[in-house]
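Any read-out appearing in this document is the output of simple, stated calculations on the displayed coordinates, not a laboratory observation. Remember, it's a predicted structure, so these values are computed and weren't measured experimentally. Virtual Cβ from ideal backbone geometry, glycine too; neighbours counted across all protein chains shown.
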Amino acid sequence: MVGAGDNSVTANSVADGTLVVEAGDGADVISATGLTTAEVALTLGGGDNEVTLDGTFASGLEVVLTTGNGDDELTFGTGATSVTGVTINVDLGDGSDSIIFDGAVDLSGGTVSLAGIDVLEFGAAASNVTLDGDHLAGQTYVMKGAGSVTDSDLAGVTLDNNGGTYDFSGLSIDGTIAKAMAGLNVTGGSKADVVTGTDGGDTFSLGNGDDVIEGGLGADSITVGGGEDTIILGKKSATQTASFATGNADASNIDSIADFVTADDTIQLSSAANAYGTGLTLSTDATVNVIDLGTMTGADYATVNDFIAAAATAATEVKSSANAVYVYLAAVTSDTSTTGDFDTDAAGTYMFINDGTTALTADDTIVQIGITGTMDATNFTIV
């Protein structure tokens, strides 16, 4: 036990021992390293406390951390890992409190309780951090990356095999230059999951249940699993980033769907006003017309706009209306004769949901989609 004040406690090679620290108010710095199956109980008072836990975590490790008011930080070190049987209970109290992952810690297999958390920060060596879906669902954490404007870090999220509803839309993905990260990397379970993504560019790999996925804002990547899955495309602005532009030479700024099986899977559209274009409100019983334009082979497509223009030329364009939605499919094959252009870096099939104007343009809702089977009206619902 230490009193009030700015205390510093360092415990190296705790391994399978016991560490108990009780401190009063003050900015305490606690470091416990070499943890394997130890028991750690830290009760800290008010102040900006800093706690580091590191080691090769193993089944039997128990950590209880409680702090008072203040801007506290809990850091999992570069060597920290986790397996089934680890118990971690954290309550950082009031203040602007953070958990920082400096290593590839996996908390998905342990018994973990997190409270009083405002920020999850992922360090440069934290690309393999994995959390359970229940740790993040319904939370409003700010999630920060390693600090690069080109950073594509994803926080791993594993959904259990019991099925459930996971709403990650309250999470805020920090996209600033100083702390840029992409989003979540969500791995589905074997039962039916209902998942809503973040405002970042999330990656979803669905399991074998009858899943319902809404990617949310950002350019999301959705790989459909077994089962009868539903992909919600709620509005155009949720299928692309703010950086989407006619001059894009790849498809990184729009949603992508892979392994869509027409015999099983469904795309859900929205009847909300202006969801797919100004002045366009779909009726829930609108007819969906799917027109496959085939592969565009007429030219070298340097940008997405070149490809869209080719699709427009190939189509007998009809604008969508409240009672009739027009969906066009167009493909582009890889052309390696020129590097760094659209048909080299973004080969595949694209789905256009035409807006309330006749011509196919970049103003339409555009999603890259890999399809098995023949897509038709039965693959769409409108709610």
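At a glance:
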quantity	calculated
Per-residue HN-Hα couplings for region 69-75 [Karplus 6.51, -1.76, 1.60; θ = phi - 60°; Hz; x = Gly/Pro]	5, x, 8, 8, 10, 10, 10
Under 5 Å, built H, 5+ apart or other chain: amide partners of GLY95	GLY70
Nonlocal amide H pairs with GLY218, under 5 Å, H built at 1.01 Å	GLN240
Beta bridges by DSSP in the chain, antiparallel share as percent, to the nearest 5	10
Cβ-defined net charge surrounding THR349, 14 Å radius [Lys, Arg +1; Asp, Glu -1]	-4
Descending semi-axes in whole angstrom, ellipsoid equivalent of region 1-109, from the Cα gyration tensor	22, 15, 11
Cα gyration tensor shape for region 74-115, rounded if a/c is under 1.5, else prolate or oblate	oblate
Cα gyration tensor shape for region 327-383, rounded if a/c is under 1.5, else prolate or oblate	oblate
Karplus-derived 3J(HN,Hα), 6.51/-1.76/1.60, for each residue of region 357-364, Hz, glycine and proline x	10, 5, 6, 6, 9, 5, 7, 6
Cut-off 9 Å between beta-carbons: net charge of the residues surrounding GLY5, Lys and Arg +1, Asp and Glu -1	-3
From phi via Karplus (6.51, -1.76, 1.60), per-residue ³J(HN,Hα) for region 241-247 in Hz, x at Gly/Pro	8, 5, 8, 5, 8, 5, x
Simple Cβ-charge dipole of the chain, Lys/Arg +1 and Asp/Glu -1, about Cα centre, in debye nearest 20	760
Label of the coordinate-derived value, Rg/Rh (Cα atoms, Kirkwood Rh), listed as [x] 0.94; [y] 1.07; [z] 1.01	[y]
Shape of region 221-271, Cα gyration tensor, a/c cut at 1.5	oblate
Helix-only CD estimate at 222 nm, as mean residue ellipticity for the chain, using -39500 (n - 2.57) per DSSP H run (n ≥ 4)	-1000 deg cm²/dmol
Degrees, to the nearest 10: 304-314 long Cα axis against longest axis of the chain	30
Relative contact order computed over region 1-61 (Cα-Cα under 8 Å; 6+ residues apart), in percent	35
Built amide H within the under 5 Å cut-off of THR165, gap 5+	VAL194
Region 198-291, relative contact order [Cα under 8 Å, separation at least 6], %	25
Normalised contact order of the chain, rounded percent, pairs of Cα under 8 Å and 6 or more residues apart	8
Alpha carbon centroid spacing (whole Å) that separates region 5-34 from region 311-377	59
